[in-house]
1. Can you list the residues, at least 5 places off or on another chain, whose amide H is less than 5 Å from the amide H of Arg288, using H built in the peptide plane?
2. Working with all protein chains in place, sort Arg179, Arg288, Arg191 by solvent-accessible area computed with a 1.4 Å probe, largest first.
3. For the range 244-344, take every pair of Cα atoms, bin their distances at 10 Å starting from 0, and report each bin as a whole percent.
4. Return the inverse of the average 1/r over all pairs of distinct C-alpha atoms in the range 171-350, which is the Kirkwood hydrodynamic radius, in Å to one decimal.
5. Keeping all protein chains in position, work out how much accessible area Trp226 exposes to a 1.4 Å probe, and write it in Å² to the nearest 10.
6. Got a sec? What order do Glu164, Glu190, Glu331 fall in by accessible area at 1.4 Å, biggest, i.e. largest, first?
7. Could you state the number of Å between the C-alpha centres of the range 265-284 and the range 291-337?
8. Taking all protein chains in place and a 1.4 Å probe, what share, in percent, of the accessible surface of the range 171-350 do carbon and sulfur account for?
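The values are calculated or read from the model by the stated rules, or taken from the named source; none is laboratory data. Owing to the predicted nature of the structure, the values given are computational and were not obtained by experimental measurement. We work out accessible area using only protein heavy atoms, side chains counted, and drop any ligands, DNA or RNA first. Shrake-Rupley method; radii C 1.70, N 1.55, O 1.52, S 1.80 Å.
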Amino acid sequence: MVWVPLRSARTDRRAPLRATRCANMSVEWLVDWSWSLDGLRDFIATGIQSFRDCDATALAAVACLLVLFVWYCYHVGREQPRAYATVNALMQSAEANGVQNGYVYCHSPECVRCTHHDGLNQKLYHNLQEYAKRYSWSGMGRIHKGIREQGRYLNSRPSIQKPEVFFLPDLPTMPYFARDAQKHDVELLERNFQTILCEFETLYKAFSNCSLPQGWKMNSTPSGEWFTFYLVNQGMCVPRNCRRCPRTYRLLGSLRTCIGNNVFGNACISVLSPGTVIAEHYGPTNIRIRCHLGLKTPSNCELVVGGEPQCWAEGRCLLFDDSFLHTAFHEGPPEEGPRVVFMVDLWHPNVAAAERQALDFIFAPGR
C-alpha cells in the first residue's frame with residue numbers, strides 16, 4: 001500500500017505560518033491598545049460576576065421584562081401615529097363636513113347619536129370588535145357587557161334615569177356630582193370666568209336685531225326662548241363660532257377630561273330668556289357629566305335633575321348627570337335679563353382611560 005499525501009495537506013502546512021503571522025500582528029495591536037482591552041475585560045468580568053450573584057428567579061424576571069419591553073416597542077412602532085391637528089385644521093375639516101349658520105348638522109344616516117334603529121347594537125359591537133383588533137380587549141369588559149345587553153338596560157331603567165343611546169353599566173349613579181369629581185377642570189373654568197363672560201357679551205350684542213344672529217341656534221321649548229352657541233357640537237368643532245370665541249376655544253384644549261372626540265361631547269353657551277321653560281328630557285348617555293359654568297344668573301332660575309332642584313351661581317360650576325330626567329326654567333323678571341351658562345361635557349370620573357379611548361373610537365363622529 002502506497003500512501004499518497006493529499007493536496008489539502010500542503011495547505012494545512014501553510015496554515016500554521018499564516019496563523020503565526022496573524023497572531024503576531026494581533027499581539028502587536030493588542031499591546032498598543034492594552035488600556036482599552038483592560039477596561040473591556042474588567043467590564044465583562046463585572047457583568048459575569050453580577051449574573052453569578054443573581055439567582056434564577058431574578059434572571060427570569062429580567063428576561064420577562066426585556067421581552068415585554070421589546071413587544072411593547074414593536075406594538076407601538078407598528079401603529080400609525082396619531083395626528084394632532086391644529087385649530088385651523090380642525091376648523092377647515094369641520095367646514096368641509098358641513099356647517100349651517102355656525103351649527104354642525106349630522107348628514108350621516110348611520111349616526112348612532114341621531115338615529116335609533118334595531119341594528120344599533122350590532123353596529124356598536126362591530127365597532128368594538130374593530131377597536132379590539134387594532135388595540136386590545138383589555139379593559140373592555142364593561143363596554144362589552146353594556147353593548148351586549150343594551151336593550152335590556154335601556155328598557156329596564158327606572159324612569160328617573162334613562163339615557164337615550166348608550167348606558168355603561170356599573171357606574172356610580174347620582175343626579176349631581178361634587179366639584180372634586182373633576183377638580184382640575186372645574187377650577188380652570190372658574191379661573192377663566194371673566195374671559196368667557198367677555199366673549200359672550202361681545203356675541204350677545206348681535207341680539208339687538210330681530211333676526212337670529214349668525215352662529216346661534218334656537219331650540220324648541222314649551223314657552224320662552226332658548227338659544228345655544230356651539231363651539232363643539234357632537235364631537236365636531238364649529239369653526240365659525242370658534243373664531244369668534246378664540247380664548248374660550250383654546251381653554252377647551254386645556255381641560256383634561258373634556259369630551260371632544262366622540263358624538264357625546266359638546267361645548268356651548270346656553271341662554272334662557274325670562275319666562276322660558278325647557279321640557280323634561282334625558283341625555284343620550286351616562287358616560288359623561290355635564291358642567292355648567294354660571295355666567296349670568298338672575299333670580300328664580302333653577303335646574304332640576306332627578307327631581308332635585310339646584311340654582312346656578314356666577315363664576316361657579318355645577319356638575320350633573322344629564323342621563324337623569326332633567327329640566328330648567330327662568331321665571332325671573334324681564335329686567336334681570338337672561339340666564340347664561342357655559343356648558344361643556346366632561347368624562348364621568350369612573351370611566352377608565354382605556355374605556356375612554358375605546359368609546360372615542362366606537363362613537364366617533366360619522367362612524
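1. Under 5 Å from the amide H of Arg288: His348.
2. Arg191, Arg179, Arg288
3. Computed distribution, short to long bins: 15, 46, 32, 7.
4. Computed over the range 171-350, the radius equals 16.4 Å.
5. For Trp226, the solvent-accessible surface is approximately 50 Å².
6. Values: Glu164 90, Glu190 35, Glu331 120 Å².
Of Glu164, Glu190, Glu331, the descending order of accessible area is Glu331, Glu164, Glu190.
7. 9
8. The nonpolar share, carbon plus sulfur, comes to 49 percent.
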